[in-house]
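Asks: After the structure tokens below, expect a handful of questions from me.
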Amino acid sequence: MTTAVIVRVIVVVLGALLALGRGNRDKPSGQLQAPSEGAAPRSLPPAAGKAKRDEGPASTPAQQAATVRAKPTPPPPRPTPADVAEPAKASPPPPPASVRAKKDVAGLRKGLALARGGFIAKLSALFQGKKEIDPAILEQVEEVMLSSDVGPKTTKAILARLRDSLAKNELRDSDAVWDALRAEAQRILSVGDSAKSGPLRATAKPTVVLMVGVNGVGKTTTIGKLATRYHAAGKKVMLGAGDTFRGLHTKLPLMDEIKKVRKTIAKALDGAPHETLLVLDATTGQNALQQAIQFKEALDLTGVVLTKLDGTAKGGIVLGVCDELGIPVRYVGLGERAEDLREFHADEFVEALFGRGEDDVVAA
Ligand code: GDP
């Protein structure tokens, strides 16, 4: 499996040549900046009905090597502060931050509907109608986590902490366990220092982003989404190069090739690549984790883009990746449209997964 993973490596370089670099001009317009506000509701989502089955990994044909040169665009007019705050002049004023934050969580929740109906609903079903918490429940929690792609190492660590809390009488009822699970998720997903978490900053001029991942995970789609975003923000975007390395039975040292690509970029521009993002397909579960481990050994990854989270009822892989790699998820893909690429903020994500939503109207 390992070899199969490596031999289908694709490397695509996205060079974002920034035309402007003033103030928060670097923040693409239309981004969904939605830090969650206030305390999240502390209630269990209800057990949903039967979860849909996961779709298998996308199977696109291997892509041909391609070099894309974007037509140089004329520099956009210099923005005024008002432009930055309100990119679409004709549109009505944006809603207050608190409303935006709620909307974003709701949108994220919608995109995560399968995972909420699967992984999260299975977890919450364990506690329905239970007042007392006993160690047997934690065994069931463990089973749900393992079957939802959280991964053995991360599951073990979370369970050890829960058992410890239970032994200290800190988990008296189901709400307390749910809170503890939420806190664990928040802790794990908050990995990374603030400079290298959240959306790309693109403060260097030019900023070079190296996107890597195996075939079919969603690199091209993600690059298109990012490019759309930066272009809309008035930046010049150049898609530098794309290449596919394929295995032959000669067992090419493909990870060496990828290192070479990185080295060549660094030689061409000091400090580049400024970001190296690994794209992983959430529907491939533990396979994605194995890929991530190998890429991490070869490259200094600065973040992960987890695609196709809309297509999995498991979704626990997000915890496994952050915990085992110590690398932050920077974006998640929740569909194929440009706007389906969401910035990743741990608190928003945890609220969307574990919090109560309108979709919780229940199965009484
Ligand atoms: P690449 O080989 O890594 O460049 O992968 P592609 O970008 O060609 O994507 C492979 C398939 O996954 C395509 O059919 C994409 O439309 C699809 N895809 C990519 N990202 C997402 C996502 O977030 N959600 C869904 N549902 N499909 C996605």
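Each reported figure results from applying straightforward, stated rules to the coordinates on display, with no laboratory input. The structure displayed is predicted, hence computed values, not measured ones. Methodologically, a virtual Cβ is constructed for each residue, glycine included, from the backbone with ideal geometry; neighbour enumeration extends over all protein chains shown.
Asks: State the answer as a single residue: which of Val212, Ser124, Gly240 lies farthest towards the positive end of the charge dipole of the stretch 99-364, with beta carbon charges of +1 for Lys and Arg and -1 for Asp and Glu, about the Cα centre.
Replies: About the Cα centre, the residue reaching furthest to the positive side is Gly240.
Asks: Now a separate question. Along the Cα-to-Cβ line of Ala266, 7 Å from the Cα, sits a label point; which residues in the stretch 205-220 have backbone N less than 20 Å from it?
Replies: 205-213
Asks: Would you mind calculating the gained length between Ala136 and Gln286 on full extension (0.36 nm times residue separation, minus the Cα-Cα distance), in nm to one decimal? Spell out each step's value before the answer.
Replies: Working: separation 150, 0.36 × 150 = 54.00 nm, distance 2.57 nm.
Between Ala136 and Gln286, full extension yields an extra 51.4 nm.
Asks: Any of Lys205/Lys225; Lys219/Lys259; Lys236/Lys296; Lys196/Lys219; Lys156/Lys260; Lys205/Lys260 with alpha carbons more than 25 Å apart? Name them for me. Numbers along the way, then the final one.
Replies: Details: Lys205/Lys225 20 Å; Lys219/Lys259 18 Å; Lys236/Lys296 29 Å; Lys196/Lys219 20 Å; Lys156/Lys260 37 Å; Lys205/Lys260 23 Å.
Those over the limit are Lys236/Lys296; Lys156/Lys260.
Asks: While we're on this one: Determine the shape class of the stretch 99-364: with a ≥ b ≥ c the square roots of the Cα gyration tensor eigenvalues, call it rounded for a/c under 1.5, and otherwise prolate if a/b is greater than b/c, oblate otherwise. Please list the in-between numbers first.
Replies: On the way: a/c = 2.21, a/b = 1.71, b/c = 1.29.
Verdict is prolate for the stretch 99-364.
Asks: Take every Cα pair under 8 Å in the stretch 99-364 that's 6+ residues apart, average their separations, divide by the length, and report that relative contact order as a whole percent. Spell out each step's value before the answer.
Replies: Details: 361 pairs, mean separation 81.4, N = 266.
Relative contact order here is 31 percent.
Asks: Would you give the gap between the C-alpha center of the stretch 318-359 and the C-alpha center of the stretch 271-292, rounded to a whole Å?
Replies: 14 Å
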